[in-house]
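Participant: There's a structure below that I have some questions on.
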Amino acid sequence: MSLAAHFAVRRPEHTTAVELDAVDGEVIGMIGPNGAGKSTTLRAIAGLLAITSGTITIGDTLVADEERHLPAHRRGVGFVFQNHLLFPHLSVEDNVAFGPRAKGQRRSAAGRQAREWIDRLDLLDLARRKPGQLSGGQAQRVAIARALASDPKILLLDEPTAALDASAAMGLRTLLREHLSAFPGVSIVVTHTALDAMVIADRLVVLDNGRIVQTGTPTEIAARPRTEHVAALVGLNLVRGAAENGVVTLPGGGAVVAADQVTGPVFASFPPNAVSLFSAEPAGSPRNVWSGTIDSLAPHGDAVRVQVDSFVPLIADITAGALAALQLRVGDPVWLSLKATEVSVYPA
Amino acid sequence: MKSDRARVLGSAPAPLVVPAVAAVAILVVPVVAVVIRAPWRSLPHDLTQPDAILALRLSLETTLTTLGVCLVVGVPLGWLLARVEFRGRSVVRALVTLPLVLPPVVGGVALLLAFGKTTLLGRFLESTFGVTLPFTKAGVVLAQTFVALPFLVISVEGAFRASDARYDDAAATLGASRWLTFRRVTLPLTLPGIVAGGVLSWARALGEFGATITFNGSLPGTTETMPSAIYNTLQLNQEHAIALSLLMILVSVGILTSLRERWISGVAP
């Protein structure tokens with residue numbers, strides 16, 4: 001079912017104000033740093049949190065406004081929690097049957113419905129186990145089966161892969177892709193990983209500081225991030241400034257030269273592997289040369305990711321060989337260079 | 001035999017060990033004295049005396065009723081105190097725990113002043129429902145409930161607090177009302193704590209003496225429970241009183257062991 005969420009949750013310490021519309025079958029990925037309001041948004045839609053102003057409408061039903069608050073158990077919003085929250089005293093099958101039973105189905109009918117979902121999520125041989133006997137990935141799959149078996153109009157998933165190791169997360173990602181695209185209603189997946197967002201979602205919503213700052217397809221957002229968080233998530237350097245004939249000047253000082261002759265307020269982004277490092281000031285063609293000090297060094301795939309404290313924090317990916325040749329350590333001064341053609345510029 | 005910790009940190013210091021041993025002695029010596037002085041040979045005879053059986057039966061009957069009353073009203077109160085924020089919650093909690101620190105005799109006096117035959121409430125109960133509380137079995141149950149209920153409420157509230165309230169959220173998103181969530185999620189998850197609280201309050205009711213005797217006197221078969229019987233018998237026949245005391249010690253130890261094995265040291269099923 002469709003969703004129209006136009007609401008604000010005001011708290012003394014922070015405010016979350018969201019304008020979000022979604023159509024049937026849409027899978028929305030929600031990304032943003034900690035404290036951006038992602039969980040608040042999900043909990044408000046689910047009815048686990050009262051909104052301060054605005055409205056939330058699911059299908060044709062107004063479920064919340066300033067005065068009214070349809071309780072969570074009557075909203076038909078399924079929720080998958082980060083740490084699954086399977087009922088520890090119930091078997092996998094009884095956990096999955098809990099929703100149908102709560103809706104008043106008889107034990108046998110609820111059991112049938114539960115087994116159907118258990119089968120679909122490939123959990124048949126775990127049906128008799130208790131949650132304590134499951135791995136993290138299995139438990140999260142059961143949690144998804146449990147949410148789907150309650151026949152929700154909308155499905156919300158709060159960082160479903162966050163507590164899992166890499167291979168379990170990969171498996172769950174594939175499974176989510178399959179089941180969320182088959183799900184007839186709106187689903188919203190909050191995630192901290194770029195891969196989840198890219199693989200699972202049809203559309204991304206970027207939250208920052210309690211507001212939606214960008215929406216678009218994963219490809220659009222990855223190519224043109226508008227927040228540092230997303231840039232870091234997809235592994236890009238991002239600066240914002242005023243451009244004049246391709247020279248982007250930052251409000252706090254420093255400039256990035258782009259090949260495009262643009263003018264006006266812009267974002268400029270460039271990939272870390274386009275940034276070269278030198279121990280002395282480089283001579284030659286590059287249009288961008290900056291100095292800085294090394295903040296951290298960490299392996300990143302086959303390369304080494306170097307965080308440099310320059311006019312803004314920047315990341316550069318260099319080969320292990322280059323690192324050895326440069327003999328760089330944390331705290332060392334370093335020079336960075338970047339070709340103007342590597343910089344993409346888009347309106348802010 | 002020294003543990004690793006003692007080897008590394010040195011032995012426990014005397015200023016802590018000596019008082020600790022004294023504490024154990026204070027608690028254990030009187031109980032051991034009863035066991036030593038118990039008339040083991042005449043025990044079967046003493047415990048099958050009609051008055052002993054009468055008192056034991058009355059105690060079991062009233063304390064089990066008390067336990068039932070405590071569970072029926074105490075578990076909901078514990079849940080409210082743990083899960084619902086309402087005005088005056090801390091006041092309610094303080095009032096509920098007051099009988100814990102109140103001398104039981106004072107509790108008995110208070111019950112007399114509230115439910116005694118000549119009081120407003122007492123007269124109302126008698127004229128409307130034909131119920132008289134003082135000097136009746138119902139009065140015994142009331143006195144026992146007065147002292148035992150706080151134990152149940154406190155431990156049940158603790159159990160509800162310790163259980164993760166996020167399960168309530170999960171249940172709500174699956175369509176369960178709060179009442180259903182309470183029955184199918186919260187109650188099963190907190191059952192060990194509720195059982196422990198129930199046993200604790202039952203043991204307290206079993207040992208209740210001050211409030212019961214003040215409110216109800218001690219009429220054999222009606223209001224003379226085991227503790228009253230022991231007290232009354234002690235004046236007439238010391239051996240007999242010791243036998244009854246031993247019986248109560250055995251019951252208490254039985255309760256403690258069952259608690260320990262099933263609910264305290266064990267993990268929730």
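Participant: Work out the charge dipole of segment A:1-117 with +1 on the Cβ of Lys and Arg and -1 on the Cβ of Asp and Glu about the Cα centre, then indicate which of A:ILE58, A:ALA102, A:PRO33 is farthest towards its positive end.
Facilitator: A:ALA102
Participant: As an exercise, identify the trypsin sites (Lys or Arg not before Pro) in segment A:274-348 lying in DSSP coil whose Cβ has no more than 12 other Cβ atoms within 10 Å.
Facilitator: Loop-located and lightly packed - A:ARG329.
Participant: Which value, to two decimals, describes the C-alpha radius of gyration of segment B:48-116 once divided by 2.2 N^0.38 Å?
Facilitator: 1.51
Participant: How large is the dipole of segment A:138-190 about the Cα centre if only Lys and Arg carry +1 and Asp and Glu carry -1, each at its Cβ, rounded to the nearest 20 debye?
Facilitator: Using only the charged Cβ atoms, the result is roughly 120 debye.
Participant: Taking only Cα atoms and a 10 Å spring cutoff, compute GNM fluctuations for chain B and point out the largest among B:LEU98, B:LEU247, B:LEU236.
Facilitator: Answer for the Gaussian network model of chain B: B:LEU236.
Participant: Over segment A:79-144, consider all pairs of different Cα atoms and compute the Kirkwood hydrodynamic radius from their mean reciprocal separation; express it in Å, one decimal.
Facilitator: 11.6
Participant: Which residue fluctuates most in the GNM of chain A (Cα springs below 10 Å): A:VAL80, A:VAL199, A:VAL142?
Facilitator: A:VAL199
Participant: Roughly how many Å is it from the Cα centre of segment A:1-74 to that of segment B:163-194, as a whole number?
Facilitator: Using only Cα atoms to place each centre, the spacing works out to 24 Å.
Participant: With a Förster radius of 56 Å, plug the Cβ-Cβ distance of B:THR136 and A:THR249 into 1/(1 + (r/R0)^6) and report the FRET value to the nearest 0.05.
Facilitator: Once rounded, the FRET efficiency stands at 0.05.
Participant: Could you tell me what a quarter of the Cα convex hull surface of segment A:164-246 works out to, in nm² with one decimal place?
Facilitator: 6.9
Participant: To the nearest 20 debye, what charge dipole does chain B have about its Cα centre, counting +1 at the Cβ of each Lys and Arg and -1 at the Cβ of each Asp and Glu?
Facilitator: Using Cβ point charges on Lys, Arg, Asp and Glu, chain B gives about 620 debye.
Participant: Also, quick follow-up: Quick one, what does Rg over Rh come out to for segment B:121-160 if you take C-alpha atoms and the Kirkwood Rh?
Facilitator: 1.20
Participant: Moving on to the next point. Just want to confirm a number: the relative contact order over segment A:136-233, from Cα pairs under 8 angstrom separated by 6+ residues, in percent.
Facilitator: 22
Participant: Could I ask something else about it? Starting from the coordinates of the alpha-carbon atoms of segment B:182-230, obtain the Kirkwood hydrodynamic radius over all distinct pairs and give the value in Å to one decimal.
Facilitator: Every distinct Cα pair counted, the radius reaches 12.7 Å.
Participant: Restricting to DSSP H runs of at least four residues, report the calculated mean residue ellipticity at 222 nm for chain A, -39500 (n - 2.57) per run over all residues, nearest 500 deg cm²/dmol.
Facilitator: Taking each H run of at least 4 residues, the total per residue is -7500 deg cm²/dmol.
Participant: Where in chain A lies the longest segment free of GluC sites (Glu not before Pro) that are both loop residues by DSSP (not H, G, I, E, B) and have at most 13 other Cβ atoms within 10 Å?
Facilitator: A:68-348
Participant: How are the Cα pair distances of segment B:1-57 distributed, in percent, across 10 Å bins from 0?
Facilitator: Here the calculated profile for segment B:1-57 is 18, 23, 22, 15, 14, 8, 0.
Participant: Here is a follow-up. Test of understanding: given chain B, find the longest segment containing no chymotrypsin sites (Phe, Trp or Tyr not before Pro) that are in a DSSP loop and have at most 14 other Cβ atoms within 10 Å.
Facilitator: In short, B:87-269.
Participant: Please list log₁₀ I(q)/I(0) at q = 0.14, 0.24 Å⁻¹ for segment B:114-217, using the Debye equation with identical point scatterers on the alpha-carbon positions.
Facilitator: For segment B:114-217 at q = 0.14, 0.24 Å⁻¹, log10 I(q)/I(0) is -0.70, -1.11.
Participant: What share of all Cα pairs of chain A, in percent, falls into each consecutive 20 Å distance bin?
Facilitator: Spelled out per bin, shortest first, that is 27, 47, 23, 3.
Participant: Turning to a different aspect of this structure: Place +1 on the Cβ of every Lys and Arg and -1 on the Cβ of every Asp and Glu in segment B:78-171, take the dipole about the Cα centre, and give the residue among B:VAL141, B:GLY78, B:ALA171 whose Cα lies farthest towards its positive end.
Facilitator: B:VAL141
Participant: Now for a separate question. Could you tell me what fraction of 2.2 N^0.38 Å the Cα radius of gyration of segment A:100-253 comes to, as a two-decimal ratio?
Facilitator: Cα-based Rg divided by the globular estimate yields 1.35.
Participant: While we're looking at this one, here's another question. I need two numbers for chain B: Rg to one decimal and Dmax as a whole number, Cα atoms only, in Å.
Facilitator: Expressed in Å, the Cα Rg and Dmax of chain B come to 22.3, 73.
Participant: List the trypsin sites (Lys or Arg not before Pro) within segment A:72-112 that fall in a DSSP loop (any state other than H, G, I, E or B) and whose Cβ has at most 11 other Cβ atoms within 10 Å.
Facilitator: A:ARG106
Participant: Now for a different question. What number, in nm² with one decimal, is the all-direction average of the projected area of the convex hull of the alpha-carbon atoms of the protein assembly as shown?
Facilitator: 42.5
Participant: With point charges of +1 on the Cβ of Lys and Arg and -1 on the Cβ of Asp and Glu, referenced to the Cα centre of segment A:218-348, which listed residue (A:ALA231, A:VAL266, A:PRO251) lies farthest in the positive direction of the dipole?
Facilitator: So the residue we want is A:VAL266.
Participant: Using Cα-only point scatterers and the Debye equation, what is log10 of I(q)/I(0) for segment A:231-348 at each q in 0.11, 0.23 Å⁻¹, rounded to two decimals?
Facilitator: -0.34, -1.34
Participant: Have a look at A:SER269, A:SER167, A:SER291 and tell me which one the Gaussian network model of chain A (Cα, springs below 10 Å) gives the largest fluctuation.
Facilitator: Comparing A:SER269, A:SER167, A:SER291 in a Gaussian network model of chain A, the most mobile one is A:SER167.
Participant: Let me ask another. What is the magnitude of the charge dipole of segment B:128-269 about its Cα centre, with +1 placed on the Cβ of each Lys and Arg, -1 on the Cβ of each Asp and Glu, and no other charges, expressed in debye to the nearest 20?
Facilitator: 340
Participant: Using alpha-carbon pairs under 8 Å, 6+ residues apart, how would you state the relative contact order of chain B in percent?
Facilitator: 28
Participant: Further question on the same structure: Within chain B, which is the longest segment that contains none of the trypsin sites (Lys or Arg not before Pro) sitting in a DSSP loop with at most 14 other Cβ atoms within 10 Å?
Facilitator: Of all site-free stretches, the longest is B:118-269.
Bear in mind these aren't lab numbers, they're just calculated from the coordinates by the rules spelled out. Owing to the predicted nature of the structure, the values given are computational and were not obtained by experimental measurement. As a convention, Cβ positions derive from the backbone with ideal geometry for all residues, glycine included, and neighbour counts pool all protein chains shown.
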